[in-house]
Structure formats: structure tokens, C-alpha cells
Amino acid sequence: MSHTHQGKPQAALAAIGRKVEDMAYGTPPPRLARWLWAMPNLALICFLAVGVAFLLFVRHHEHQRQYDTLVDDLLWQEQTLAAQLDARQTLLQTLANDQTRGELDEAGFYRRAAIFLAADTELLSLAYVNEYGEAVWSYPAEAAEPLQLQAAVIEPIQRAARIGIPASTPTFDYPGAGAAFALAHPAVRGNQTLGAFVAVISVKGLLRQHVPWWIAKRYQISVVDLEGRTLAARPEQAAPEADAPVQAMLFDPPGYGLRLQGQLLQTGWPWWQQVLYGLLGALSVVMLWSLWVLKRHMRERLNAERALVREANLRQAMEDSLTAGVLALDRSGCTLHVNRAFCQMVGLEAAALLGSQPPFAYWPPESHDQCAQAFTAVLRGECPAQGMALRVMRPDGSRLDLRLFASALIDADGQHTGWVASFADVSELQREREALQGSHERFVAVLDGLDASVAVTDCDSGELLMSNRAFREAFDQIDQTGALCVLPLRGEAAEGEWFDAITGRWYQHHRRAVPWVDRPAVWLDIATDVTERKLAADRERQQTDKLQQTARLIALGEIASSLAHELNQPLAAISSYCTACRNLTASGQLSPAELDDALGKIVEQSRRASAIVRGIREFVRKREPQRSPCRVGDLVDTVLLLLSAPLNRHFVRVVRERDADEAILSADPVLLEQVLFNLGKNAIEAMAQAGTDPAELSLQSRIRDGWVDLIVADRGPGIAPDEVEKLFLAFYTTKEEGMGMGLNICRTIVENHDGRLTVLPRPGGGSRFVVSLPLSPQASGEAGSDTPEISLVHRA
Ligand code: ADP
């Protein structure tokens, strides 16, 4: 797939990249690449080898030529010297001939010798010797001495003088002149030998005089004796190299193993050879350097190309991984390049897109003008920074919403060659936006559907950020700064009920800080209208009050008889006291003191009767709870009084434990009496129903950790554990004529006094109802008598 949208240049670039990579880093490297790298080195080595071989050949040839020349020159030199020696022999012969003819006298000899010696510097002396080799004449005079000293020298001279044959001597050391030799020529007259003329010749002088400059410049010419010692040389100071070409030949006369030797002086390279070698070396260095530079350049180039290929591959991968479509156009609008994402967007192959011109195949007919305008804007460089909306069409007819962005395409020379357009698929975005909008609308609908008022406000400024319909309807009181005017919706987190005076309604208000979309925390206020609930609760309370009232009236009927009985007692007492007073008054026995006592008793009984009546009225009258300090013992006493009728009716024994009779409670005594009366009545009825015998009602008061417990216990059937909670439900009763409101009212009253009403099974059978009430601060805390007072309330 990747090839389908790559243009030809990319494919070619990738192929080159692979080739370059293969050449530079392939494993193993191709043989051709190795040879390519080795070729310049081999060529250079061959070039150097051929150059050196050529120069060695030239040098060898030059040696040979020099040697040949040396041989020729040495031959010429030897002949020259031999000619010179012949000339000296001829000179001696001339003297000998003159002597033979008698034309030479001593003076003449000396004169001519002086001339000869002056002319020839190599000529050291001239002498005329007799047959014994003794000097007759000698010029210079002392020159005869060296000849006399050496027998080997004098012998050939003697031989010449005696036999008459020219001779030469071996070399000898001539004082002051180095090596020298002598030539002797006999003077013969007829068959008689007169003597011989001897010329001593300096070897050094001979060479100095007769080796020409052009020979001396090229060779060192030397005379070497039999033992290899150099007797003389020209030039004297030259030191030829040991391996310089040398040639020697016999030097005869004077003979005696002397050799004339020539050795080449200039063995060094000729200048042109030196120049050639230098050039060859320099060229080699330059070639090596250029080869190294070339290799380095090649390597850098390979690295650069490899980096280029990697970069190109990376860019290709990046481009392929893009979800945004990319399209490159030239300045005329012709498509130069497309990426994979663009091909997928428009559903066309890259080959079909490359080179295409507007109008493009992916322009939908219905949006043709819009597309044309968008592309015209791109080609004019007028594409806005936020992009342009565009709809494209796929071959299957489906449409896609895109957003188009464009920027100029600048080439490496900084030339503006076209435009690059990128396309973002916004269909999904659009769908998400619609989904978000739908979700928001649903959220708002749910929120507005709530009866509770919901508001979100900024923690710092109090600005209302969001509210629902219920809130807007109930609290449409926003000031100009947008801050909420509703007072309770400010400040700290809160939970509670609040009455809005403006609407006249009650609200359950809940406020807490919650994180918000664009800030760490905001206040979330939820205000639920609880007015109806509150009214219902009030109605219920009133209902309960009425029920309590009814219950009290019912109880009144039940206790009416006992009350009547109670009233009977004071009335009967009053009647008795009055009758007694009348009788005593009639008999005249009544003293004033007795009358006063009787009247006092009558007043006491009438007060008691009036208290009983007042108590009944208080009990029956519907009233609001009125708390006052009340003594526990008084409460219990009053209740026992109220219960006297049922107690008597069912023969129930009362057991009282007065542990906390002196304790003071802050309570409404009438309501608490009602509670204890109900509990006592239920206990008596339970025992009567069960036929408990003996029936016993226990009334106990005790203090426990700031609480006063009032316990009403019986020996009835008790209460099953699963029925305990049912007892307190309204209208729950097991009695035929019961109302089922007694315990419900009792619990309400006790809880209104901040107390608790609990029921427990009594050990030994029966049940225990415990009324726990908080002790009043003024409570004396003193418990009553430890000894329970047991009294039987048996009334006739
Ligand atoms: P009523 O007395 O009109 O039935 P109450 O609310 O006073 O209404 O009592 C509810 C029920 O609780 C009674 O019907 C009875 O079954 C049960 N009950 C109350 N006190 C006792 C008790 N001491 N022993 C056993 N059952 C009791």
C-alpha cells in the first residue's frame, strides 16, 4: 500500500538509498564494491612500481654507459702518459747520442738539464751514470743520492749502462716528491757502452701534468702499485664512493706491476633523474592525498546519503502514520504529492490523484462551488489560520467533513513552488460534539426536572456558574455582578433547614464544595422545598396530640371510678367531721380547741379533694408540654393514686423501690404521669389477661450516670423479642377494646423529654418497661430509702 501513494521520486530515492546502504554497510560487502574501493590503491601502486622500475633501468643504463666511457677515457689517458714517457725516453736518447758523438760535455749537460727540468715539472732530475751506476754528472747534484740508496733501483740503471739497453726502474720514494721512477738510456759508441743517461720522473707530477681537466673532473686517475697502494692520484683530494665504477690497466713502462686506475667521481643521480624521482614522489604523495580526500569525501557522502535515506524513510513513516491528510500542489494547482491518510479520506489511489488538476474528482457536486472557492483561496495564499471547512466525496458516494489548512511550499533555493494543504477529519469531532451537546441537554433536562433547586457558585466571587430551573424559579435574585443574593447560599458548607421569608417556604439546604471543570472547587447548593413535608409533619403532630387527648379521655373513663373513690374518702371524712361537730355541739361538749381541730381537718380534706379534682382537669386538658422541676417520688405517688382502681379491681400487689424518689427531673409532670399510668395499666391488664397469681406490679426508681430510670415491671406473659418494635407502632394492640396508641404516645413523650423508652424481658417472667430520663442539674442526687417500702393497695 505504501508504494501506491509514493511518487516516483520517493521510490527512486528509496532504491538509491538501499543501494548506497548495500555498498557502504551491506553484510557481506559485494565483491564489486570491494574492488571499486581497491582499484585506486592498486593503480597507484602499479604506477609507482613502473616509475621506479623505469628509473632503475635508466640508472643501470647510465652506469653501463659511464663504465664504457670510463674504459675509453682510461685507455686514452694511458696512451697519453705512455706517449709522454716515450718523449722523455727520446730526450734521454738525444743526450746519449750527443755523448756518443762527443758533442756533449759536462757544462752542456748541465745547461740542457736545467732547461729540461724547468720545462717539465714531472722531471725530477737528470743524470749521467757510468757502468756501475755511479753518477758522473747529476742535475741537480744531490739527485743522485736516492738512486744510490736502493739496490732495486740502481740495478736496472747499471744494466742499461753495461748492456746498452734502455730500462726503467721500479718506483721508489723520492725525497720531497713522493713516488718516482727512473728511465735510463745507454750511450753506446760502437760496441762499447759509455754509460747511461737517467731521468727521474715524479709519478704525481706526471699525472698532474698529463691528466687533462675534463678527465680529472669526471674521474679520479691514480697510479697503483703491485700491492694496491696508491702512489699518486689526480684529483688528489677526491673520494669516490666505494661502489663507484672503476677500471684499471697496466701502466708500462715503467712496468713493475704499476697500474693506471680510473674511478668515476660523479656517481650521484643526474639532475634530471633527481627531478623525475622528485616529481614521481610528489605526484605519488598528491595522489595518495587526493585518494584519501576522495575516500573521506565518499564516506561522508555515503553517510550523508544514508542519513538522507533514513530521514526520508522516517518522514515517510511519519507521513504514513499521520491521521491528517496531506496534499501538495504546485502553483497552478496540479497535485504533486498525497499521503496515505489523504488517499483514505477521498477513497482514491495515489496514482489517480497525482498530476490531477482542479476540479478534483473528490469534490461533491452539491459542494462544488465551496470546494472551488477553498482551493482558490489556498492557491492565492488566503487560507485563514483557523482553516476552512470542506466536504469531500468518496467513490462510493459517502461524504466526509474535513477542515483544510494550508501553507506555502518553499524549495531548497527558497523559491515558492507551491502549496501544502493538510486535512483533518472533523466528522468524528462533529459527532462527538453532537453527542456532547446531547449529553449536556440530557443533563440539563434531568437537572431542570428536579424539584430540588441546584446551583453552582464560585467559591471566591460568589458568581453563579450554573443553576437549574427550580432554582431560577425560586431564587431569581441575581445582582448585577452575577453574585447570588440569596443569603443562606453564601459562606461555609452547611446542612440544615431554612425558611425563605420572600417565598414563605421551607427549604432543606445542603451545601458542599465540589471540584469543577475549570477550577479546583465550587459551592454546590441543593435546596429542597420541604414546606409540604413540614406541614404534613405539623398535621401529624396535631393528629398525635388529638390522639393523645383521646387516649387521655379514654384513660379518664377508666380512672373515673378510682378518682370517684378517692374523692369519696375526703368527702366522707369531711362529712364525718361535720357530723361529729354537730353532735358535740348539740351535746354542748365541743370545746373551741376541738372545734378548731375538726375544722382544720375538714379544710385539709377539702384541699385534698380539690387537688384531686384539679389533677383530673390537668390530666384531661389538652395542653402544651410545660417543664418544671418535679420530684420522682411525687410522680410515682400520683400514678399509684391514679392506678388505685385497676389495682384494687385485679388484686395486684405493688412493690415500690424508692432508690431515686428524691431525684429531681426537669419535665412536664402531667405527661410523665400519663406515661407511668399507661405502663402500669398495661402491666395490670397483661397480668389480669394471663391470670397471673399472685399479680405483682413493681415500680422502681434508680439513678445511673446522670440518668434516672423509672422501671415498671410485671409478672405477666412477657413480650416476644420479634414483637418488641411493633408495640410502639400506632394502633398496634392485642386487646379487644384497645386503641394501640398507649405505647406510641409514651415513647413520643419520653423522647420529647430527651429520654428513652425501652422494654426488656424480666428475669423470672414478665416484662420490664424502662423510662430513662436525664437528671435535672438541680437534682439532689440523693437516693431515697434503701429499704423498699411495700404497701398493699387494697381498697374496698
Ligand atoms: P392498648 O393498651 O390500647 O392495646 P398499648 O399501646 O398501650 O395499647 O399497648 C399495645 C400492646 O402492647 C398491647 O395490646 C399489649 O399486647 C402489649 N403490651 C403492652 N404492655 C404490655 C405488658 N406489660 N405485658 C405484655 N404485653 C403488653
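Just want the answer: with Cβ charges of +1 for Lys and Arg and -1 for Asp and Glu, which residue in Ile554, Ala513, Ala537 is farthest toward the dipole's positive end in segment 494-557?
The residue sitting most towards the positive pole is Ile554.
What is the packing order of peptides 601-611, 495-505, 647-657, taking the mean over residues of other C-beta atoms within 10 Å and listing the highest first?
Ranking the peptides 601-611, 495-505, 647-657 by packing returns 647-657, 601-611, 495-505.
Of Pro240, Cys334, Ser284, which is farthest on the positive side of the dipole of segment 239-350, counting Cα position, with +1 on Lys and Arg Cβ, -1 on Asp and Glu Cβ, and the Cα centre as origin?
Positive-end residue among those listed: Cys334.
If we count other beta carbons within 10 Å of each Cβ, what is the order of Leu32, Leu260, fewest first?
Fewest-to-most ranking of Leu32, Leu260: Leu32, Leu260.
The chain: D in µm²/s via Stokes-Einstein (Kirkwood Rh, Cα pairs, 37 °C, 0.692 mPa s)?
Approximately 71 µm²/s, per Stokes-Einstein.
Given axes a ≥ b ≥ c from the Cα gyration tensor, I'd like to know whether segment 240-392 is rounded (a/c under 1.5), prolate (a/b larger than b/c) or oblate.
The shape class here is prolate.
Tell me which residues come under 5 Å, amide H to amide H, from Asp668 once H is placed; ignore anything under 5 positions away on its chain.
Ser628
How would you rank Asp538, Asp413, going from fewest to most other Cβ atoms within 10 Å of each one's own Cβ?
Lowest count first: Asp413, Asp538.
Starting with the fewest neighbours, write out Glu723, Glu696 ranked by other beta-carbon atoms found within 10 Å of each beta-carbon. Kindly include the intermediate steps, with their values, before the conclusion.
Numbers: Glu723 11, Glu696 17.
Lowest count first: Glu723, Glu696.
How would you rank 697-709, 740-752, highest first, on the average number of other Cβ atoms within 10 Å across their residues?
Answer by packing, highest mean first, reads 740-752, 697-709.
Run through segment 99-170 and list the GluC sites (Glu not before Pro) located in a DSSP loop whose Cβ has at most 10 other Cβ atoms within 10 Å.
Glu103
Where the only charges are on Cβ atoms (+1 Lys, Arg; -1 Asp, Glu), what is the dipole of the chain about its Cα centre, to the nearest 20 debye?
Result for the chain is approximately 1080 debye, rounded to the nearest 20.
Please label the shape of segment 671-773 as rounded, prolate or oblate, based on the square roots a ≥ b ≥ c of the eigenvalues of the alpha-carbon gyration tensor (a/c under 1.5 means rounded; beyond that, a/b larger than b/c means prolate, else oblate).
In terms of gyration-tensor shape, oblate.
Students often check this: by mean Cβ neighbours within 10 Å, which of 213-222, 314-323 ranks highest, and how do the rest follow?
Most protected by this proxy first, the peptides run 213-222, 314-323.
Under the definition of Cα pairs under 8 Å and six or more residues apart, what whole-number percent is the relative contact order of the chain?
Normalised by residue count, the contact order of the chain is 6 percent.
Could you tell me which of rounded, prolate or oblate describes segment 36-165, using a ≥ b ≥ c as the square roots of the eigenvalues of the alpha-carbon gyration tensor, with rounded for a/c under 1.5 and, failing that, prolate when a/b is larger than b/c and oblate otherwise?
Values: a/c = 4.71, a/b = 4.08, b/c = 1.15.
It is prolate, given that a/c is not under 1.5 and a/b is the larger ratio.
Every read-out reported here was derived from the displayed coordinates using simple, explicitly stated rules and does not represent laboratory data. Keep in mind the model is a prediction, meaning the values are calculated, not measured. We place every Cβ from the backbone using ideal geometry, glycine too, and count neighbours over all the protein chains shown.
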